[in-house]
Amino acid sequence: MLIVKSILEYPKGTIEMLLVEAYEPLHKEYLQYRDDNYRYFRECDAFFYDNPEAEDNCSFLSGYNENIAGMCSWNPVKYPVAEIGHNCIIAVYKGIGLGIDQMRIAVNIQKDKGFKSALVSIGIMDFLFLHRGCIKGRDLLK
């Protein structure tokens, strides 16, 4: 079972490292997206460490068996709609249902904060995961 961990409990660079590791298989195959994604990953990491108040409102790390398994973040600017953006589970933990668990946790946190709905941002890398069958649509609210 996943547990929610504070990003700020870990050093700057943790989010970037998780995202780089999680997306590495596709970056090897689709090298043309790597540099832009790496920039986005650095920006996401910097945002949460440079704005610690944001961490509690729109992100978390996922812990599993004493380790960090992934992370999830969302943009609250369009409240009461949360836009889920950077979200990942690292390779060693993929395929055992942690991604679905992580999304359920995110949706529950958002509901507790008064959000009425959530959108998932689909970037090119997410599209490629979806296309390759790595992401499957499921009802996250069950």
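Of the trypsin sites (Lys or Arg not before Pro) found in segment 1-92, those in coil by DSSP whose Cβ has at most 12 other Cβ atoms within 10 Å are LYS78. In this structure, the residue pairs whose Cα-Cα separation is over 22 Å, taken from LYS94/LYS116; LYS5/LYS94; LYS5/LYS116; LYS12/LYS94; LYS28/LYS94; LYS5/LYS28, are LYS94/LYS116; LYS5/LYS116; LYS12/LYS94; LYS5/LYS28.
Protein heavy-atom accessible surface, 1.4 Å probe, per residue over the chain: 58 Å².
Full extension of the chain between MET1 and GLU21 yields a length gain of 5.1 nm, computed as 0.36 nm times the residue separation minus the alpha carbon distance. Residues whose amide H comes within less than 5 Å of that of VAL120, counting only those at least five positions distant or on another chain, are ILE84 (H built at 1.01 Å from N in the peptide plane). Shape analysis of the chain places it in the rounded category; the axes a ≥ b ≥ c from the Cα gyration tensor give an a/c below 1.5. Think of it as helices only: each DSSP H run of n ≥ 4 in the chain is worth -39500 (n - 2.57), and spread over all residues that comes to -14000 deg cm²/dmol at 222 nm.
Along each principal axis, taking the top coordinate minus the bottom one, the Cα set of segment 62-113 gives 34, 18, 17 Å in descending order.
Students often forget the sequence filter, so: which aspartates and glutamates lie under 14 Å Cα-Cα from LYS111 once same-chain residues fewer than 8 apart are removed? Correct list for LYS111: GLU83.
Among the chymotrypsin sites (Phe, Trp or Tyr not before Pro) in segment 1-52, those located in a DSSP loop and surrounded by at most 16 other Cβ atoms within 10 Å of their own Cβ are TYR30. When only the Cβ of Lys, Arg, Asp and Glu is charged (+1, +1, -1, -1), the dipole of the chain relative to its Cα centre reaches about 580 debye. Between ILE105, ILE68, ILE96, the Gaussian network model of the chain with springs among Cα atoms under 10 angstrom shows the greatest mean-square fluctuation at ILE96. Protein heavy-atom surface of segment 1-66, 1.4 angstrom probe: 51% of the accessible area is carbon and sulfur, with nucleic acids and ligands not counted. Just checking the listed ones, LEU26, LEU18, LEU98: in the Gaussian network model of the chain with Cα springs under 10 Å, the one fluctuating most is LEU26.
Net charge of the neighbourhood of PHE47, taken over other residues with C-beta under 12 Å away and scored Lys/Arg +1, Asp/Glu -1, is -4.
The values are calculated or read from the model by the stated rules, or taken from the named source; none is laboratory data. All of these numbers come straight from a predicted model, not from anything done at the bench. Every residue, glycine among them, receives a Cβ derived from its backbone with ideal geometry; neighbour counts consider all protein chains shown. For accessibility, only protein heavy atoms count, side chains too; no ligands or nucleic acids. Shrake-Rupley method; radii C 1.70, N 1.55, O 1.52, S 1.80 Å.
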